[in-house]
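Notes follow the structure.
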Amino acid sequence: MRRIMEFGCGAGGCCSAAPPTSFLLSGSVRWAGRPKTAPRGRDLGMQGSARTEQPAAGCSRRTTMGFLLAVAVLLSACAQQCSGTTDSQDTSVLRALMDQWQNAPPSWGQSDDPCGESPWEGVTCGGDKVISIKLSTMGIQGSLAADIGQLSDLQSMDLSFNNELGGVLTPTIGNLKQLTTLILSGCSFHGTIPDELGSLPKLSYMALNSNQFSGKIPASLGNLSSLYWFDIADNQLSGPLPVSTDGGMGLDKLIKTRHFHFNKNQLSGPIPDALFSPEMALIHLLFDGNRFTGNIPDSLGFVSTLEVVRLDRNSLSGQVPLNLNNLTKVIELNLANNQLTGTLPDLTRMDLLNYVDLSNNTFDPSPCPAWFWRLPQLSALIIQSGRLYGTVPTRLFSSPQLNQVILDGNAFNGTLDMGRSISSELSLVSFKDNEFASLTVTSSYNGTLALAGNPVCERLPNTPYCSATQRPLSAPYSTSLVKCYSGSCPAGQSLSPQSCLCAYPYQGVMYFRAPFFHDVANDTAFQELESMLWTKLALTPGSVYLQDPFFNSDAYMQVQVKLFPAGSGAYFNRSEVMRIGFDLSNQTFKPPKEFGPYYFIASPYPFPGQEQEHF
């Protein structure tokens, strides 16, 4: 839009300049004049001062002054506006990022103003400063330029699910003092986590999971006093957990943090007793799949806010602390696959406990403790190779919430009598490799029973419950496509359960790290998950497809997820993909509570004509 600088002549022959109050310049500035009558007794060439009309002979000087004033105003406005809305340094930083990347969004670099009339996708400004970069699942390749540290007002950065974006994480990220959210999940960053990351006073959400980071956890991260979400899972981190000593920094300082997700690394050494305190606000402690040794610290029993405790698949030894029984809010407790000794822990007071796995330790031999059937919310009881012996009380099988009993590899003997009041929720009973000589079970039990490796099976080798491999009675859940035709879709496309049309879904895998149920054929639970996905992600009802959930070797429930565009559309646009990716990586989407903590890893999205786009 061109602006016109207007001139008019007064009654005395003097001309006045009236500069426009605002400028929107595109291309060139055009000058033009048109007649304009000035008010009597007023010289508009002078800035608001009343003058008596002067002879025309004095007009020239005042006209020149007015003209110069107008030019000055115009040049000042042009200096502010000609360069665009976005701060020039921030624009330079974005261009530096673009230079390091392949497959940046096609709008990047198409204008000189990232936050102007033709904005760069995924960039948000506050005033003239860049405050947010959200580029989830864009297929970006390359590295993160050191220039990123010059975005002085940046508050949020989400680069998740760009699995070919990597390199060493630049230390200049420590200059982003306004940063509250940093999400690099599902990328390919490697090398050490920079110490400078600990100098971000406002950082509340940090997700570095599913990369290739190595080396030690920097003690400086203990400075992140605002941190709520701390996820460094699924990397190659090693060494001990840093705690503060002699006034230094350590992870024990993170008393406001709710999530310690350190699972699936190579962390080693003892879990320090100094790590935990009653002041902490932790709800999820995920230390599974590391190389921790030594005892479980007594201080863990003081963190009364805990809901999920996973210490499985380590090399922990010694007795389980007695005060672990004080963690009355814990819903999942997994201590499996360690070297724990002493008596089987007493969990009587843990009334909310839903899932417990104490398998493959070296506890003292013991009969069934009473908490097996006294915990009112218990749905999964798993103690394989737990050195349990004796008879199994009938009342165990009548616990109202009980869904799975897996007590393989123990020394139970006598008769397995499941009684006449079997819980309607019970779907799996497995006592493989025990010493049962006989069995009493009524026809009211319709679930799976596994007894292979017991003496009773020597007499009844052909019965289903004596088979070494048993198929589950119900297939894992998948979203129904019964209303759609049975045709196939072209490569890369899938059938939408909502429209029954082929489309390119946004897809990936949800990993539920501590679900409170273990029945993968549970229609009710998965249909609730479908409904929440399309509701919370603002999708068309019915446009979510879930496929073949199962428990992987990490004891995580893994679910393939496909999300479909609305109506007859074949694709999501880039803004929709960025939004969905952020909502899943930032945990904006919350699944039903029984699914527990999760993370999501997206597959690359096949944008239309991507091979022709100019980057």
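The values are calculated or read from the model by the stated rules, or taken from the named source; none is laboratory data. Fair warning: this is a prediction, and the values are worked out from it, not measured in the lab. Every residue, glycine as well, gets a Cβ built from its backbone with ideal geometry; the counts of neighbours run over all protein chains shown.
Structure notes:
- Test: residue in region 396-403 that is of a type outside the set (A, V, I, L, M, F, W, C) and touching a residue at least 60 places away in the same chain (Cβ under 8 Å): yes
- Residue match in region 558-566 (condition: touching a Pro at 6+ places or on another chain (Cβ under 9 Å), within 19 Å of residue 308 (Cβ to Cβ) and either assigned to a helix (DSSP H, G or I) or of a type outside the set (Asp, Glu) (or both)): yes
- Residue satisfying condition, being touching a strand residue (DSSP E or B) at 6+ places or on another chain (Cβ under 7 Å) and surrounded by fewer than 15 Cβ atoms within 10 Å (Cβ to Cβ), within set 586, 573, 552: 552
- Total residues in region 420-437 satisfying the condition of being of a type in the set (S, T, N, Q) and in a strand (DSSP E or B): the figure is 1.
- Residue in region 82-93 that is outside any loop (DSSP other than H, G, I, E, B), free of Cβ contacts under 8 Å to residues at least 24 places away in the same chain and not charged (D, E, K, R) present: yes
- Region 208-258, residues that are polar (S, T, N, Q) and outside any loop (DSSP other than H, G, I, E, B): 212, 214, 220, 223, 236, 238
- Restricting attention to region 318-349, the residues that are farther than 16 Å from residue 385 by Cβ and either aromatic (Phe, Trp, Tyr) or outside any loop (DSSP other than H, G, I, E, B) (or both) total 9.
- Strands (runs of 3 or more DSSP E) (entirely within region 130-200) containing at least 2 residues that are within 16 Å of the chain's Cα centre (by Cα): 156-158, 181-183
- Test: residue in region 271-280 that is more than 19 Å from residue 221 (Cβ to Cβ) and part of a strand (DSSP E or B): no
Every residue, every condition in (1) surrounded by fewer than 18 Cβ atoms within 10 Å (Cβ to Cβ); (2) outside the structural domain of residue 514 (by TED's automatic domain parsing); (3) in contact with a Gly (Cβ under 9 Å, 6 or more places away or on another chain), yes or no:
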| residue | (1), (2), (3) |
| --- | --- |
| 359 | no, yes, yes |
| 363 | no, yes, yes |
| 374 | yes, yes, no |
| 377 | yes, yes, no |
| 384 | no, yes, yes |
| 388 | no, yes, no |
| 397 | no, yes, yes |
| 402 | no, yes, no |
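- All of (1) more than 24 Å from residue 379 (Cα to Cα); (2) crowded, with 16+ Cβ neighbours inside 10 Å; (3) of a type outside the set (D, E, K, R) hold for residue 511 with one exception: (1).
- Positions within region 350-380 being of a type in the set (Asp, Glu) and assigned to a loop (DSSP other than H, G, I, E, B), in sequence order: 351, 364
- Scanning region 286-304 for residues that are under 19 Å from residue 274 (Cβ atoms) and either touching a residue at least 40 places away in the same chain (Cβ under 8 Å) or in a strand (DSSP E or B) (or both) turns up 292, 293, 294, 296.
- Annotation: residue 355 fulfils all but one of (1) hydroxyl-bearing (Ser, Thr, Tyr); (2) buried (at least 22 other Cβ atoms within 10 Å of the Cβ); (3) more than 22 Å from residue 595 (Cα to Cα); the unmet one is (3).
- In the set (1) out of contact with any Leu (no Cβ under 8 Å at 6 or more places or on another chain); (2) farther than 14 Å from residue 100 by Cβ, residue 156 fails one condition alone, (1).
- Among the residues listed as 562, 536, the single one being among the charged types (D, E, K, R) and buried (at least 21 other Cβ atoms within 10 Å of the Cβ): 562
- Out of 427, 480, 467, 438, sole residue that is under 30 Å from residue 508 (Cα atoms), touching a strand residue (DSSP E or B) at 6+ places or on another chain (Cβ under 9 Å) and either surrounded by 11 or more Cβ atoms within 10 Å (Cβ to Cβ) or not small (Gly, Ala, Ser) (or both): 427
- Test: residue in region 495-508 that is under 16 Å from the mean Cα position of the chain (by Cα) and closer than 26 Å to residue 310 by Cα: yes
- Close pairs from region 511-524: first not assigned by TED's automatic domain parsing to the domain that holds residue 284, partner buried (at least 22 other Cβ atoms within 10 Å of the Cβ) and assigned to a helix (DSSP H, G or I), Cβ under 8 Å, at least 6 apart: 512/595; 515/595; 516/595
- When the strands (runs of 3 or more DSSP E) confined to region 440-556 are screened for residues that are closer than 26 Å to residue 586 by Cα, those reaching at least 2 such residues are found at 506-512, 544-551.
- Selection status of residue 158, in contact with a strand residue (DSSP E or B) (Cβ under 9 Å, 6 or more places away or on another chain) and of a type in the set (Asp, Glu): yes
- Within region 305-317, the set of residues being assigned to a strand (DSSP E or B) and surrounded by fewer than 16 Cβ atoms within 10 Å (Cβ to Cβ) comprises 315 only.
- Boolean, residue 551 is touching a Lys or Arg at 6+ places or on another chain (Cβ under 8 Å), of a type outside the set (D, E, K, R), more than 22 Å from residue 604 (Cα to Cα) and in the same structural domain as residue 567 (by TED's automatic domain parsing): no
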